[in-house]
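The values are calculated or read from the model by the stated rules, or taken from the named source; none is laboratory data. Since the model is a prediction, treat every value here as computed from it, not as a measurement. Because the Cβ atoms are built from the backbone with ideal geometry, glycine has one as well, and the counts that use them run over all protein chains shown.
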Amino acid sequence: MSFQEWLDLLVRQMSQTSVAEWAVLVFGVSEVLLAKANNILLYPAGIIATVLSVFVLFQSQLYGESLLNVYYLVMSVYGWWFWIKKKNSPPVEITKANKKEWVITAVIVFMGWLFLYLFLKNLTPSTVPVWDAWISSTAWAGMWLLARRKVENWLLLNISNAFAIPLLFQKELVMFALLTSFLFIVACFGYIDWIRKLKKRQQVVKL
């Protein structure tokens, strides 16, 4: 497909996009930008985007994807609760994942992949169950690390994004592929920013 054909497809998709889908894009981008800024408002934005995503996907009879977004909703609520500053307690700081958290991350990735692969292969008409399951399971792990304010959340989220971009182009979902490309770039800067903030706090502690 030529560049002009991709551009025509993008314009056509944009003209056919519903208000709910545009809202998902706006709040989804807002969530990532707020996460990059280490701002707790990322969770309200994410919850709105996720609820609308469940509605849009269910209307399109994409029940498996709807189920994944229910997980994202649960993780967003958990993350919001985890980030809230408790009475007489300091806010949760940005840190690196320890060995135990890496083990949990690996379990989420590989057990999540196995569960989703079997689900998509046996209970849905998915033509890419292996790829789709991998994208989702790495995103699950990234969301869990983000909820705990771990620097490595950006790495897992970008593994998911890196695999999602070509899949979206393959499915001719050009607009969402471009959005995911944008989120990939934001996540790169988010990782750099969080590393910088972590080092700055560590230097202050040493003083």
Checking 28, 46, 64 in turn, the sole residue that is modelled with pLDDT under 70 and in a helix (DSSP H, G or I) turns out to be 64
Restrict the check to segment 189-203 and report whether at least one residue is within 27 Å of residue 82 (Cα to Cα), of a type in the set (A, V, I, L, M), touching a Leu at 6+ places or on another chain (Cβ under 7 Å) and at pLDDT 85 or above.
no
Given the criterion out of contact with any helix residue (DSSP H, G or I) (no Cβ under 7 Å at 6 or more places or on another chain) and not β-branched (Val, Ile, Thr), identify the matching residue among 119, 115.
115
For segment 41-51, what are the residues that are under 9 Å from residue 27 (Cβ atoms) and crowded, with 22+ Cβ neighbours inside 10 Å?
46, 49, 50
Pick from 128, 92, 103, 109: which is aliphatic (A, V, I, L, M) and farther than 22 Å from residue 79 by Cα?
128
Given segment 104-207, what helices (runs of 4 or more DSSP H) lie entirely inside it while holding 1 or more residues that are buried (at least 22 other Cβ atoms within 10 Å of the Cβ) and touching a Lys or Arg at 6+ places or on another chain (Cβ under 8 Å)?
174-206
